[in-house]
1. Would you pull out the residues with amide H under 5 Å of Leu20's amide H, same chain only if 5 or more places away, H placed 1.01 Å from N?
2. How large is the accessible surface of Glu55 in square angstrom, using a 1.4 angstrom probe and rounding to the nearest 10?
3. Under 10 Å from the Cβ of Ile4, count the other residues' Cβ atoms, weight Lys and Arg +1, Asp and Glu -1, and hand me the total.
4. What does the charge count near Glu33 come to, summing +1 for each Lys or Arg and -1 for each Asp or Glu among other residues with Cβ under 13 Å from its Cβ?
5. Could you look at the stretch 1-41 and say what percent of its accessible area is carbon and sulfur, using a 1.4 Å probe and all protein chains?
Amino acid sequence: MTSISSPCIRVCRIDPDTQLCDGCGRTVGEIREWRLMGEAERLAIMDTLKDRMREATEVGRLDPMPEAV
């Protein structure tokens, strides 16, 4: 079996404001379709995730490291 590239860090929670995963920054649609995408498409999305997360954090909508309650 060939492994596929994934940004998942097992912190799977969709922020209700940004609609991005708090752990990896992907949208629900991207997460759902991930295994169906080609490697080039996955890598292209992964190239955008750091900026997405930074932008969401800068506007105060995404907690970059959710705290344990």
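The values are calculated or read from the model by the stated rules, or taken from the named source; none is laboratory data. Everything numeric in this text was worked out from a predicted model, so none of it was measured. Backbone-built Cβ (ideal geometry, glycine too); neighbour counts: all protein chains shown. For accessibility, only protein heavy atoms count, side chains too; no ligands or nucleic acids. Shrake-Rupley method; radii C 1.70, N 1.55, O 1.52, S 1.80 Å.
1. For Leu20, whose amide H was placed from the backbone, the distant partners under 5 Å are Asp15.
2. Its heavy atoms expose roughly 110 Å² to the probe.
3. Numbers: positive: Arg35, Arg42; negative: Glu39.
For residues surrounding Ile4, the net value is +1.
4. On the way: positive: Arg26, Arg32, Arg35, Arg42; negative: Glu30, Glu41.
Residues close to Glu33 contribute a combined charge of +2.
5. Here carbon and sulfur together make up 54 percent of the probe-accessible area.
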